[in-house]
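Notes to accompany the following structure.
The values are calculated or read from the model by the stated rules, or taken from the named source; none is laboratory data. Since we're looking at a predicted model, the values are computed, not measured. Positions of Cβ are backbone-derived with ideal geometry, glycine not excepted, and every protein chain shown enters the neighbour counts. Note: areas computed on protein heavy atoms with side chains; ligands, DNA, RNA excluded. Shrake-Rupley method; radii C 1.70, N 1.55, O 1.52, S 1.80 Å.
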Amino acid sequence: MSKGGNRAKDQRIVRQQAARPVTEPVTGPIPQPTADPAQPAAQEVTSAEAGRRRWKVLGALGSLAVIAAAAVITPVGEHIVSAFFKPEGRLEAVDLLVQNPHSPVNGEPIPATLDIRAHNTGEARVIAKRVNVQVEDVLRLKSCDTQGEFPVTGKYEIRLPPDAKPGDSFSHSLEQQIGKDEADRFTLRLQHQVNEGIETVEPTFYRLLVSVEATGDASTVLFGTAIVGLPRLPNNAEGAYLWDVDYQSGKSNIDWMKPAMRDRVRSCMQANSKALAAFLAKPGARSTEVEGIQATLR
C-alpha cells in the first residue's frame, strides 16, 4: 500500500475517534425531574371526589332532619322515625307499702307482704324480671320470760333466714309486663323457714332495701326501704318482750314473779324496747301495726 493510502486510513480513524462522545464528571447541581403534567389533574380529581362525598353526607343529614320534622307533623313521619330510633320503656317506682299484721295469739304466724307499685313512663313495653331485697339491718328481740315463748306451727318458703346478716341479698324472679304509660303492682311475701330442731324463733326485725330489675332505659329501679318483723310481731300476750305504756302505767305487771326473776325480766324488756325504738327511728316503710308498737314503747 502506498503512503497516500495509509494517510487516508489514518484520517478515517481520527474522524471516528472524534465522533465518539466524551464522558466527563458532573460538577454542577443535579438537574431536578420535570413535574408530571398529569399530576395536578389527579389532585383536582381527588378534590372533586371529596366534595361529592361531603355533599352526600350533608344530603343524608338533611334527609334525617326532614324525617324528624315530618314526625312532628304526620303519623306517617312518626312511624318512619320509629324505624330509625327504637323507643324504650322506663320503669319508675311509685310506692312501696308494707303489710305486717299481728298474728293470732298462739296461732300460725302471718307473713309480711311488700306491696310494690310501679309506672312505665317510657315509650315501649318493659318487663320486670326480678325483685331484690338486701338486708341493711337486723334486730333480734330477746324472749325475756322463758315461760312465754311460743311454738312455730308452720314451715314457710325461705325469704329471710332467722340468721340473716346486713349485706345478705335475696331475690325472686318476676314476669310482670308493663305497657307504655301503664301502672302495675305486685306483692312479695316474706317469712322465715323453720329449721329442723328449732322449736321457737324470737321476733326479728329487718330493714330491707327493695329494688326491681327490668328491661328498658332503667335496668335497676330502687323502690326504697321496708321494715318488717318476722316470723311474727312481738306480742306481750304471748311472752314478755317489750316494756310499753301498759307496763309503765301498771296496767300490766310482772309482780307475780319472784323478785330476782322480776328484776331480770323487767331489765330485759326495757332493753328490748330501747333497741327497737332506735331501730324504728330510722326511715323505712312499715305497717300500721309496727307504727302502733313504736308509739307504745317506753
Which one of the conditions (1) in contact with a Gly (Cβ under 6 Å, 6 or more places away or on another chain); (2) surrounded by fewer than 14 Cβ atoms within 10 Å (Cβ to Cβ) does residue 282 fail to meet, given that it meets all the rest? (1)
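Could you please find all residues in the range 155-177 being hydrophobic (A, V, I, L, M, F, W, C) and either part of a loop (DSSP other than H, G, I, E, B) or modelled with pLDDT under 90 (or both)? Can you show your working first?
Applying the first criterion (hydrophobic (A, V, I, L, M, F, W, C)) to the range 155-177 yields 158, 160, 164, 170, 174.
Residues satisfying the conditions are 158, 160, 164, 174.
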Residues located in the range 215-233, provided they are open to solvent by 50 Å² or more (accessible area, probe 1.4 Å) and assigned to a strand (DSSP E or B): 220, 222
Could you tell me which numbered condition residue 138 fails, if it satisfies all but one of (1) of a type in the set (A, V, I, L, M, F, W, C); (2) assigned to a loop (DSSP other than H, G, I, E, B); (3) at pLDDT 90 or above? (2)
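Suppose we filter 207, 185, 189 for residues that are part of a strand (DSSP E or B), basic (Lys, Arg), touching a strand residue (DSSP E or B) at 6+ places or on another chain (Cβ under 8 Å) and within 30 Å of residue 87 (Cα to Cα); which single one remains? So that I can check it myself, show each step before the final result.
Numbers: 207 fails: within 30 Å of residue 87 (Cα to Cα); 189 fails: within 30 Å of residue 87 (Cα to Cα).
The conditions single out 185.
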Over the range 234-265, the set of residues open to solvent by 70 Å² or more (accessible area, probe 1.4 Å), in a helix (DSSP H, G or I) and under 17 Å from residue 144 (Cβ atoms) is 248, 259, 260, 261, 263, 264
